[in-house]
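Take a look at the structure below.
Here, each number is a calculation from the coordinates, and none is a lab measurement. Predicted, not measured: the structure shown is a model, and the values here were computed from it. Virtual Cβ from ideal backbone geometry, glycine too; neighbours counted across all protein chains shown.
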Amino acid sequence: MKSVLLMIIVVLVLALIVALVIYTIFNKIRAAVRPYGQILQAIKDADDSQMRTPKSLSGTEPVHRDKLNKDFPEMNVDVAKTIISNFLSEYFAALSDGNIDRIKEDCSSQLCDKIIANAKTNRITYSDVKVHRVVVSDYKKNNKEATITFQAAVQYVSSRTKKISQEKYLVLYSYYLDYGDEGENASLVCPYCGAPIDTIGMKVCPYCDNAIEASIVRTWKITDVKYNTYG
Ligand SMILES: [Zn+2]
């Protein structure tokens with residue numbers, strides 16, 4: 001009688017051990033053959049997270065900042081960067097719906113026309129637009145015009161790819177003559193003595209010492225937005 005009881009206990013213990021072994025093996029197999037979709041999702045998540053990490057941009061800003069501060073002491077570069085950042089969000093909204101009302105004050109008329117044309121022909125919509133960072137990547141000035149090039153890292157989901165991507169864009173910001181009633185020539189000479197004014201940002205005529213700032217209307221406008229292909 002005793003040996004029968006012992007046999008039952010031994011069988012039960014053995015069954016338990018076998019069950020444990022089977023359970024462990026089954027778990028290992030299940031982990032090894034993780035559903036394909038789950039693996040794809042993991043790859044996509046890694047991809048998305050990479051696209052959400054701000055891309056590195058041009059590191060030459062300090063050099064251009066020094067020159068800008070000299071030529072335009074009244075200009076606040078950080079405010080300009082905020083303007084560009086806000087503009088870019090609205091720019092992609094305008095490309096999506098073809099409505100440039102929100103940005104036409106900041107754009108040159110050529111750029112406004114280009115945005116409308118692009119919206120019509122490409123018909124791509126952009127959602128979840130996020131401007132990560134804006135830096136000054138170039139600055140050029142001649143007698144007639146000054147142009148700051150901003151480089152920006154922009155993240156969005158486009159209707160073409162339907163996934164998150166982050167791209168670099170160049171935004172050209174130009175200080176140029178806003179032709180008034182008197183036209184271009186009127187703005188390029190001193191209204192008091194007729195001397196040519198050939199330096200942007202000049203506030204006093206070097207010939208007659210009259211203040212000329214108010215008579216020369218120049219303004220900062222965004223003149224182009226380009227996809228930054230290199231780098
Ligand atoms: Zn003068």
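Take every Cα-Cα distance within the range 58-227, group them into 10 Å bins from 0 onward, and report for each bin the whole-number percent of pairs it holds.
P(r) for the range 58-227, in whole percents per bin: 10, 34, 30, 18, 7, 2, 0.
Which residues does the label zone of S159 cover in the range 121-147, counting backbone N under 18 Å from a point 7 Å along Cα→Cβ?
Within reach of a label on S159: 121-130.
Restricting to Cα pairs below 8 Å that are 6+ residues apart, what does the relative contact order work out to for the chain? Please round to a whole percent.
17
Can you pull the percent of Cα pairs in the range 1-151 with separation above 20 Å?
71
Give me the number: length gained by fully extending N69 to T24, i.e. 0.36 nm times residue separation minus the C-alpha to C-alpha distance, one decimal in nm.
9.3 nm
Give me the extension gain from T219 to I116: residue separation times 0.36 nm, minus the current Cα-Cα distance, reported in nm with one decimal.
Length gained between T219 and I116: 34.8 nm.
If the limit is 24 Å between Cα atoms, which of K44/K120; K55/K130; K28/K163; K104/K203; K70/K114; K70/K104 go over it? Display every interim value, and only then the final one.
Details: K44/K120 31 Å; K55/K130 12 Å; K28/K163 34 Å; K104/K203 28 Å; K70/K114 33 Å; K70/K104 29 Å.
Check vs 24 Å cut-off fails for K44/K120; K28/K163; K104/K203; K70/K114; K70/K104.
To the nearest 10 degrees, how steeply does helix 109-122 sit against the main Cα axis of the chain, on a 0 to 90 scale?
Once rounded, the angle reads 30 degrees.
Between S49 and V4, what is 0.36 nm times their sequence separation minus the Cα-Cα distance? Round to one decimal in nm.
9.8 nm
Taking all pairs of different Cα atoms in the range 51-117, averaging 1/r and flipping that mean, what Kirkwood radius in angstroms comes out?
That comes to 14.1 Å for the range 51-117.
Once you mark the GluC sites (Glu not before Pro) that are in a DSSP loop and have at most 15 other Cβ atoms within 10 Å, what is the longest gap between them in the chain? Intermediate results must be reported in sequence, preceding the final value.
Numbers: sites that count: E74, E105, E145, E182.
Within the chain, the longest run free of exposed GluC sites (Glu not before Pro) spans 1-73.
If r is the Cβ-Cβ distance from E167 to Y192 and R0 is 41 Å, what FRET efficiency results, to the nearest 0.05? Numbers along the way, then the final one.
On the way: r = 49 Å, r/R0 = 1.20.
Once rounded, the FRET efficiency stands at 0.25.
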